[in-house]
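Readers should treat all values here as calculations from the given coordinates under stated rules, not as data from a laboratory. Source: prediction; values computed, not measured. Positions of Cβ are backbone-derived with ideal geometry, glycine not excepted, and every protein chain shown enters the neighbour counts.
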Amino acid sequence: MPKAVTSSPESLADSVGVVVPGFERGAVILRDQSRQVFRLSWEEKDSAGGDRRRALPAGTYTLAGYRLIREDEHGKTWHLSATAPAGRAIEVVAGVETQIDLDPTIRIRKHIQGKKLQVQIRGEGKMGLSIYSEGKRVPIAFELKDARGRAVESGKIEYG
């Protein structure tokens, strides 16, 4: 179970560093070298204001996952959720503020063999990515066309 870090520190010990997000709303999952997992969160709507610092013991962490949250122009909430066994390393230095920036790009890679379609949906560092709207996973539609541009197959991609 990850250790939740959801608020700013009142004071900092000498062996602690500070992490701030390079995004407005979301969370990151970090794993330290002893495999302890930390979930740093800035998910609330009002999290963009105020003190966004989160304290962590100094050390090297691996980005194991993240969630980015946004609202569209109609007020509908969307989020990307990505995970991987091992992402990039993040160094937290005692007494220093470290900003975690996340690449919000969605990368889609397809492989077609006959009528079999495989699709990979990836986020930062090739992490497996799911897209959610209003708390539900969004099905990804597809359409396979022949050489003349006519649809020969269509449907929804299953996550898995």
Point to revise | Euclidean distance of C-alpha centroids, region 85-119 and region 1-77, integer Å | key: 17
Practice item. Treating only the Cβ atoms of Lys and Arg (+1) and Asp and Glu (-1) as charged, compute the dipole magnitude of region 1-88 about its Cα centre; round to the nearest 20 debye. Key: 380
**Study point:** Highest-fluctuation residue, G149, G17, G59 considered, GNM on the chain with Cα pairs under 10 Å
**Key:** G149
Exercise for review: Mind checking region 66-119 for trypsin sites (Lys or Arg not before Pro) that DSSP puts in a loop (not H, G, I, E or B) and that have at most 15 other Cβ atoms within 10 Å?
Suggested key: K76, R88, K115
Exercise for review: Using a Gaussian network model of the chain whose springs link C-alpha atoms within less than 10 Å, name the residue from R122, R148, R31 with the highest mean-square fluctuation.
Suggested key: R148
Exercise for review: Just need the relative contact order of the chain here, percent rounded to a whole number, with Cα pairs under 8 Å and 6+ apart.
Suggested key: 21
Revision key, fill the gap. GNM of the chain, Cα pairs under 10 angstrom: of G75, G135, G95, the biggest fluctuation goes to G75
Practice item. Mark the label point 7 Å from the Cα of V138 along Cα→Cβ and return the residues of region 5-32 whose backbone N is within less than 19 Å of it. Key: 24-27
Point to revise | Backbone HN-Hα couplings from phi across region 9-19 [Karplus 6.51/-1.76/1.60, Hz, Gly and Pro as x] | key: x, 7, 8, 10, 6, 5, 9, 10, x, 10, 10
Review point. Looking only at GluC sites (Glu not before Pro) in DSSP loops with at most 15 other Cβ atoms within 10 Å, what is the longest site-free stretch of the chain?
Key: 74-133
Revision key, fill the gap. Given backbone amide H placed at 1.01 Å from N, residues whose amide H is under 5 Å from that of L144, ignoring those fewer than 5 places away on the same chain, are V152, E153, S154
Exercise for review: Would you please give the residues with an amide H less than 5 Å from that of E43, counting only those at least 5 places away or on a separate chain, with H modeled from the backbone geometry?
Suggested key: G26
**Study point:** Amide H within-cut-off set for M127, under 5 Å, with H built and near neighbours excluded
**Key:** none
Review point. How many percent of Cα pairs in region 42-137 exceed 19 Å?
Key: 56
Exercise for review: Please report, in debye to the nearest 20, how large the charge dipole of region 103-160 is about its Cα centre when each Lys and Arg carries +1 at its beta carbon and each Asp and Glu carries -1 there.
Suggested key: 240
Revision key, fill the gap. Yeah, the chain with a ≥ b ≥ c from its alpha-carbon gyration tensor (a/c under 1.5 is rounded, else prolate when a/b outruns b/c, oblate otherwise) is prolate
Review point. Tell me, what does the Kirkwood hydrodynamic radius of region 27-66 come to in angstroms if you use every pair of distinct C-alpha atoms?
Key: 11.1
**Study point:** In Hz, Karplus ³J(HN,Hα) per residue of region 63-70 (6.51, -1.76, 1.60; θ = phi - 60°; x = Gly, Pro)
**Key:** 6, 9, x, 7, 9, 10, 10, 9
Exercise for review: Sort region 107-157 into rounded, prolate or oblate with this rule: let a ≥ b ≥ c be the square roots of the eigenvalues of the Cα gyration tensor; rounded if a/c is under 1.5, and if a/c is not under 1.5, prolate when a/b is larger than b/c, oblate otherwise.
Suggested key: oblate
